[in-house]
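To start, the structure under review is shown below, and the notes come after it.
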Amino acid sequence: MLSYRNLLALGVLVYCIQANPTSIKIDIHCDEPSVTNWCAYMELYEEDTPHNHDDITTAFWCTTEHQKSLDYPKMNLGWDGSLDYEIGYQLTHTCTKDGKHKCMKSEIQTVWEYSEGSVSFNNTIYDIGYDGKCKDINAY
Ligand SMILES: *[C@@H]1O[C@H](CO)[C@@H](O)[C@H](O)[C@H]1NC(C)=O
């Protein structure tokens, strides 16, 4: 029986099928004064099952500033197959003691898929991570 309540639930469901855009803001701090120039390669991704993460975007930069901000307003991340997005990034960077590459990973943040959600990261990276460049996020 199609009751009024069921109809309402159906309406909400249909409305919800369309995932909404998500805004992502990332502030990266390389606060160590002795580092006068550093480079980084970032891979922003949406975490799915292991080895099947979705690349959202990548960025590469070199800078003499101690802060780098990245702003991605209203990204359409598509269908996740769950109710929320798990968003994180990994960074190969040279904001390190010896100037060699390290690979750091951000925390994973969760955002509800069906509202115009936003996540922001604010990470300090000086000498953080393991030695060497990051592997591809889906590498074994
Ligand atoms: C972000 O991190 C920096 C450095 O750790 C800190 O000084 C700043 O207050 C933080 N900003 C926010 C909005 O939390």
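Since every read-out is calculated from the coordinates, none of them should be taken as a lab result. Everything numeric in this text was worked out from a predicted model, so none of it was measured. When we count neighbours, we look across all protein chains shown, and the Cβ atoms used for this are built from the backbone with ideal geometry, even at glycine.
Data table
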| item | result |
| --- | --- |
| Selection status of residue 78, touching a residue at least 40 places away in the same chain (Cβ under 8 Å), touching an Asp or Glu at 6+ places or on another chain (Cβ under 8 Å), closer than 15 Å to residue 41 by Cα and not hydrophobic (A, V, I, L, M, F, W, C) | no |
| Extreme residue, farthest from residue 74 (Cα to Cα), among residues of segment 119-140 that are within 16 Å of the ligand (Cβ to nearest atom) and loosely packed, with under 14 Cβ neighbours inside 10 Å | 122 |
| Qualifying residues in segment 77-118 (those that are over 29 Å from residue 36 (Cβ atoms) and of a type in the set (Phe, Trp, Tyr)) - the one surrounded by the most Cβ atoms within 10 Å (Cβ to Cβ) | 85 |
| Inter-residue pairs, beta-carbon under 7 Å, first without any contact (Cβ under 8 Å) to a residue 24 or more places away in the chain and in segment 85-97, second surrounded by fewer than 24 Cβ atoms within 10 Å (Cβ to Cβ) and polar (S, T, N, Q), 6+ apart | none |
| Looking only at segment 99-118, and only at residues there that are within 16 Å of the ligand (Cβ to nearest atom) and more than 15 Å from residue 56 (Cβ to Cβ), the one that is farthest from the chain's Cα centre (by Cα) | 104 |
| Near pairs, Cβ below 8 angstrom, 6+ apart or cross-chain, from segment 112-140 (at positive phi) to any residue that is assigned to a loop (DSSP other than H, G, I, E, B) and surrounded by fewer than 13 Cβ atoms within 10 Å (Cβ to Cβ) | 127/97 |
| Pairs with Cβ under 6 Å, 6+ apart, first in segment 22-46 and hydroxyl-bearing (Ser, Thr, Tyr), second in a strand (DSSP E or B) and within 16 Å of the ligand (Cβ to nearest atom) | 23/118 |
| Where a residue in segment 49-71 is on the phi > 0 side of the Ramachandran plot and its partner, wherever it lies, is surrounded by 10 or more Cβ atoms within 10 Å (Cβ to Cβ), with Cβ under 9 Å and at least six apart | 51/137; 51/138 |
| Enumerated strands (runs of 3 or more DSSP E) restricted to segment 55-140, each holding at least 3 residues that are over 16 Å from residue 29 (Cβ atoms) | 67-75, 84-93, 109-112 |
